Amino acid sequence: MRVLLTSFFGRAATTLLLALLLFAPLSGCLGSAANKSPGAESYRLSGTLSGLSAGESLELVEEISSSALTISANGPFQFETALADGSEYRVAVRRAPAGKTCRVENGSGRVNGADVTGVSVICSTSTSGEPQALIVGHENTDPAVIPDEWIARAKSELHIAYNHTSHGSQIITGMNALASFPDFGDRYAWTDSSTGDADHLSLDDRGIPGKPDLSQGDVDSDGDGIADWAEDTYNFLSNPDNYHVNVIIWSWCNIAGHDIDRYLRSMEWLIEQFGEGGSHPRAAEHPVQFVFMTAHANGGGEGDSSDTANQQIRAWVREHHRILFDFSDIENYDPDGNYYLDKNLQDDLDYFVDGEQHNWAVEYLARHPGGELDRLVTGSGVSGYDGCTSCAHSDGPDNKARLNCVLKGRAAWYLFARLAGWDGS
């Protein structure tokens, strides 16, 4: 859903600048390009709007600079006020069309030597009491915003079963880092069981017998159109010994080449039976929440084998008001809001610019030495804590890419609090 204007604001600006230098002696002057960055140390803030109807308008504001922008058509938009390199930005909706709700995605971060192009504003018709999708992604990786009461509620009320292989273990590794970090005490304590106590989150790691993850479970052995991993889940939830389990999460390994239609159909099949109001007898008193998930980056950038499948899953979740842990989205953006999927992002947070390899975790931690994320990843300056342990597929240079695991573990706690009933405020 994110429409990036990197090529428009990057290559087009370069081409126009060259044209100015080449032809200025002949023409005398050439009007400045509207999409050109205003200077070497200042940059433009832009994005894409969708969901407006004919005759409607929307007003946005960049809250830190107080720059306002009124938009009356879907498509690209750009704030007039330039932003200094290193400055923070925060885009909000000041006025939405009557009868519509508009939300901002990727609207906050810090300028990092380039135009910010990934802001997305999405408007939809407001319906009183209408359920909304719950999507947990890169903007939800700071669990410090969660009130203590909802951390406690998640511990006391959630009983989770989570199946995964190596990539999915990144969430567990990140959760372990939070649980071990001395500054947090026992705030993020959890136990590898679906029947823990009120002082620990109950999460049965790899607790569903059968297929280990969505990728290996993406077969239909009995030909009924339902994936084997979902059949395993059905058998698990149908057992009265597991009636206490009220959250099911499955993760992917490599999503490329898998049947996403079957995945979505299988998830809906489970929800229809075990979700709120489901047809299975246990649903009346023991309903289950099911969490959809996207998959890791595959290195091909936007539109590759991973991104295409992830976009299909996101679209389904939004349309059907489901719950999504957006595993991919957490890789696509660093905590400053910089976007990397258009740079052939790898699953270890490596990316490429003009053939040169970089790693955004290394770069982020270098910009924020001594910060909480730096200390969580490296353990630097923290007594009794040696840093995040090995992060599957994402250790990276000097183990700095373990930030990948830390961010996913932090986002998991945001998910758990929302599942426990927190409204996100």
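The values are calculated or read from the model by the stated rules, or taken from the named source; none is laboratory data. For clarity, every value in this text was computed on a predicted model and none was experimentally measured. Reconstructed Cβ throughout: ideal geometry from the backbone, glycine too, with neighbour counts over all protein chains shown.
Scoring residue 87 on the criteria (1) within 30 Å of residue 184 (Cα to Cα); (2) within 21 Å of the chain's Cα centre (by Cα) leaves a single failure, condition (2).
For every residue, the table says whether it meets (1) in a loop (DSSP other than H, G, I, E, B); (2) under 28 Å from residue 410 (Cα atoms).
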{"position": "49", "(1), (2)": "no, no"}
{"position": "64", "(1), (2)": "yes, yes"}
{"position": "73", "(1), (2)": "yes, no"}
{"position": "77", "(1), (2)": "no, no"}
{"position": "80", "(1), (2)": "yes, no"}
{"position": "94", "(1), (2)": "no, no"}
{"position": "103", "(1), (2)": "no, yes"}
{"position": "109", "(1), (2)": "no, yes"}
{"position": "122", "(1), (2)": "no, yes"}
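Is it the case that some residue within region 271-292 is of a type in the set (Asp, Glu) and out of contact with any helix residue (DSSP H, G or I) (no Cβ under 9 Å at 6 or more places or on another chain)? Looking for residues that are of a type in the set (Asp, Glu) and out of contact with any helix residue (DSSP H, G or I) (no Cβ under 9 Å at 6 or more places or on another chain), one finds at least one in region 271-292, hence yes. Scanning region 250-271 for residues being buried (at least 24 other Cβ atoms within 10 Å of the Cβ) and either within 19 Å of the chain's Cα centre (by Cα) or outside the structural domain of residue 412 (by TED's automatic domain parsing) (or both) gives a total of 4. If you go through region 172-185 and pick out every residue that is without any contact (Cβ under 8 Å) to a residue 40 or more places away in the chain and within 16 Å of residue 142 (Cα to Cα), you end up with 2. Restricting 337, 299 to those that are in a loop (DSSP other than H, G, I, E, B) and touching a Gly at 6+ places or on another chain (Cβ under 8 Å) reduces the list to 337.
Can you tell me how many residues in region 384-425 are among the small types (Gly, Ala, Ser) and part of a loop (DSSP other than H, G, I, E, B)? Final tally of qualifying residues: 10.
Contact map, region 70-86: residues that are closer than 20 Å to residue 96 by Cβ paired with residues that are at pLDDT below 95 and among the charged types (D, E, K, R), Cβ distance under 8 Å, separation 6+ or inter-chain. Pairs shown: 70/59; 71/59; 72/56; 78/44; 79/44; 79/62. Would you confirm, using the coordinates I've provided, whether residue 364 is part of a loop (DSSP other than H, G, I, E, B), at pLDDT 95 or above and over 30 Å from residue 275 (Cβ atoms)? No. Across region 314-330, the qualifying residues are those that are in a strand (DSSP E or B) and surrounded by fewer than 23 Cβ atoms within 10 Å (Cβ to Cβ), and the one among them that is farthest from the chain's Cα centre (by Cα) is 323. Put simply, of 385, 364 the only residue that is among the aromatic types (Phe, Trp, Tyr), under 20 Å from residue 179 (Cα atoms) and in contact with a helix residue (DSSP H, G or I) (Cβ under 9 Å, 6 or more places away or on another chain) is 385.
If I filter region 77-86 for residues that are in contact with a Ser or Thr (Cβ under 9 Å, 6 or more places away or on another chain), loosely packed, with under 14 Cβ neighbours inside 10 Å and at pLDDT 90 or above, do I get at least one hit?
Restricting attention to region 77-86, the residues satisfying the condition of being in contact with a Ser or Thr (Cβ under 9 Å, 6 or more places away or on another chain) are 77-85.
Applying the additional criterion that residues be loosely packed, with under 14 Cβ neighbours inside 10 Å yields 80, 84.
The next check asks that each one be at pLDDT 90 or above; those that pass are 80, 84.
The answer is yes, given that some residue of region 77-86 is in contact with a Ser or Thr (Cβ under 9 Å, 6 or more places away or on another chain), loosely packed, with under 14 Cβ neighbours inside 10 Å and at pLDDT 90 or above.
Taking the criterion of being assigned to a helix (DSSP H, G or I) and within 14 Å of residue 245 (Cα to Cα), the residues of region 272-282 that qualify are 274, 282.
The sole residue among 214, 201 that is surrounded by 19 or more Cβ atoms within 10 Å (Cβ to Cβ), out of contact with any Cys (no Cβ under 9 Å at 6 or more places or on another chain) and not aromatic (Phe, Trp, Tyr) is 201.
Taking the options 414, 333, name whichever one is crowded, with 22+ Cβ neighbours inside 10 Å, within 30 Å of residue 276 (Cα to Cα) and either of a type in the set (Ser, Thr, Tyr) or touching a Cys at 6+ places or on another chain (Cβ under 7 Å) (or both).
Working: 333 fails: within 30 Å of residue 276 (Cα to Cα).
The match here is 414.
Residue check, residue 236 against (1) farther than 26 Å from residue 137 by Cα; (2) in contact with a helix residue (DSSP H, G or I) (Cβ under 6 Å, 6 or more places away or on another chain); (3) part of a loop (DSSP other than H, G, I, E, B), all met but one. Which one? Unmet condition: (3).
Residue 95 meets all of the listed conditions (1) assigned by TED's automatic domain parsing to the domain that holds residue 44; (2) modelled with pLDDT of 85 or more; (3) of a type outside the set (A, V, I, L, M); (4) over 17 Å from residue 332 (Cβ atoms) but one, namely (2). For region 113-151, filtered to residues that are among the charged types (D, E, K, R) and under 17 Å from the mean Cα position of the chain (by Cα), the residue that is modelled with the lowest pLDDT is 139. Scanning region 133-152 for residues that are crowded, with 21+ Cβ neighbours inside 10 Å and under 19 Å from residue 338 (Cβ atoms) gives 137, 138, 139, 140, 141. Contact map, region 186-206: first residue touching a residue at least 40 places away in the same chain (Cβ under 8 Å) and in the same structural domain as residue 156 (by TED's automatic domain parsing), second residue assigned to a loop (DSSP other than H, G, I, E, B) and among the acidic types (Asp, Glu), Cβ cut-off under 8 Å, separation 6 or more or different chains; pairs are 199/186; 203/192; 204/192; 205/192.
Note on region 98-112: among residues that are of a type outside the set (Gly, Ala, Ser) and surrounded by fewer than 17 Cβ atoms within 10 Å (Cβ to Cβ), the one that is modelled with the highest pLDDT is 103.
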